[in-house]
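The values are calculated or read from the model by the stated rules, or taken from the named source; none is laboratory data. Everything numeric in this text was worked out from a predicted model, so none of it was measured. Neighbour counts are summed over all protein chains in view; Cβ atoms, including those assigned to glycine, are modelled from backbone coordinates with ideal geometry. When the accessible area is computed, the model is the full protein with side chains, heavy atoms only, and any ligands, DNA or RNA have been set aside. Shrake-Rupley method; radii C 1.70, N 1.55, O 1.52, S 1.80 Å.
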Amino acid sequence: MILLLDVGNTQIFGGVVKSSNPEDIIFSFRKGTDSSSSSDETGLFLKSVLQENKINPDQIKKIGICSVVPGTMHSLKGACQKYFKINPFVLQAGVKTGLKIKYRNQVEVGADRIANAIAVTHLYPNKNVIVIDLGTATTFCAVTKDKDYLGGAIIPGLRISMEALESRTAKLPSVEIIKPELACGRSTIESIQSGLYFSHLGAMKEFVSLYKKELFNGEQPMVVATGGFSRLFSDAKVFDAEIPNLVLNGLYMAIQMNDEQN
C-alpha cells in the first residue's frame with residue numbers, strides 16, 4: 001500500500017492506494033496544516049488514522065508527499081522515517097514528471113499544480129486540458145495534448161476572499177460559502193454569498209475562454225476541476241469532469257514514473 005499526502009496551505013489531504021490503479025483510493029482523510037507540528041505528532045496522527053480505518057501501518061510500503069508548505073517538510077519526513085521506516089518520495093524539482101514545463105522558472109511551479117498536470121495527461125491522453133483547482137487559492141493550469149505545461153493563473157480562493165471582506169471592512173460579517181439562489185442578494189449576507197460565488201464563476205468562464213483563444217487556437221479544451229470548493233460549481237456547466245482526488249492521482253503516477261527510472 002502507498003500513503004499519499006497532499007500538503008496544502010489550509011489542510012493536509014491524504015489517501016491510501018492499494019492496487020495499481022491510482023484512482024482506487026481505499027480511503028482519504030483531511031487534517032489541518034500546522035507547520036509547528038513535531039514529527040512525533042505527525043507520525044502518531046498518521047498511524048492513528050490508518051488504524052482507525054482498519055489498515056495496519058506496517059502495510060504501508062511507500063509514502064509520497066506533495067507540499068506547498070515548506071515549513072512542514074522536516075516534520076513530515078521525520079515522521080515517515082521514524083514511524084514507518086520509509087524515506088518518502090517528494091514531488092519536487094528534479095524528479096521525473098513526464099511533462100515539459102514551460103514556466104520561466106520551473107522551481108516556482110507549485111507541486112500540487114504539477115501533480116494535477118501529471119494526472120490529467122494520464123487520464124486524458126491526447127487532449128488539451130485546463131485544470132481548475134479550487135482550494136485555499138484557486139489555480140488555473142493549461143496542459144497541452146503534447147504534455148506541455150504552459151502555466152496558468154492564481155486568484156484568491158473563496159475562503160480567502162470572504163475572510164478579506166470580513167477583516168478589512170467594519171460591518172461585513174463572515175458568511176457560509178454556498179451557491180446563492182439569485183445573483184441579486186437582498187441582505188448583506190446574501191450579497192456577500194452572491195459576490196463570492198458569481199465572481200468566481202465569472203473568473204472561471206473568462207479564463208477558459210481566454211486560454212481557448214491564447215493557447216489552443218480556438219479549440220475547446222477539456223476542463224477538469226478539483227479541490228474542496230469544486231462541488232459548489234458542479235451544476236454550473238463549466239467543467240467536463242470533477243475529480244476530487246486529482247492531486248493524489250498525480251502524486252501516485254509520479255511515484256510510479258520515478259520507480260521505473262530507478
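Observations
- Top-ranked residue of the range 61-76 - restricted to ones that are open to solvent by 10 Å² or more (accessible area, probe 1.4 Å) and either of a type in the set (D, E, K, R) or in contact with a strand residue (DSSP E or B) (Cβ under 9 Å, 6 or more places away or on another chain) (or both), ranked as nearest to residue 91 (Cα to Cα): 67
- The set of residues in the range 103-131 being open to solvent by less than 20 Å² (accessible area, probe 1.4 Å) and in contact with a helix residue (DSSP H, G or I) (Cβ under 6 Å, 6 or more places away or on another chain) consists of 115, 116, 118, 119, 129, 130, 131.
- Among strands (runs of 3 or more DSSP E) entirely within the range 102-211, having at least 3 residues that are in contact (Cβ under 8 Å) with a residue 60 or more places away in the chain singles out 129-134, 137-143.
- Residue match in the range 67-88 (condition: hydrophobic (A, V, I, L, M, F, W, C) and closer than 12 Å to residue 250 by Cα): no
- Residue tally, condition surrounded by fewer than 18 Cβ atoms within 10 Å (Cβ to Cβ), under 14 Å from the mean Cα position of the chain (by Cα) and hydrophobic (A, V, I, L, M, F, W, C), over the range 1-28: 0
Condition check ((1) among the polar types (S, T, N, Q); (2) open to solvent by less than 70 Å² (accessible area, probe 1.4 Å)) across all residues:
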site	(1), (2)
31	no, yes
36	yes, no
43	no, yes
53	yes, yes
78	no, yes
86	no, yes
101	no, yes
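- Residue match in the range 55-71 (condition: touching a residue at least 60 places away in the same chain (Cβ under 8 Å) and among the small types (Gly, Ala, Ser)): yes
- Some residue of the range 80-88 being at pLDDT 95 or above and closer than 24 Å to residue 228 by Cβ: yes
- Contact map, the range 26-46: first residue of a type in the set (A, V, I, L, M), second residue not in a strand (DSSP E or B), Cβ cut-off under 6 Å, separation 6 or more or different chains; pairs are 26/18.
- Any hit, the range 67-83, residues being under 30 Å from residue 153 (Cβ atoms), aliphatic (A, V, I, L, M) and assigned to a helix (DSSP H, G or I): yes
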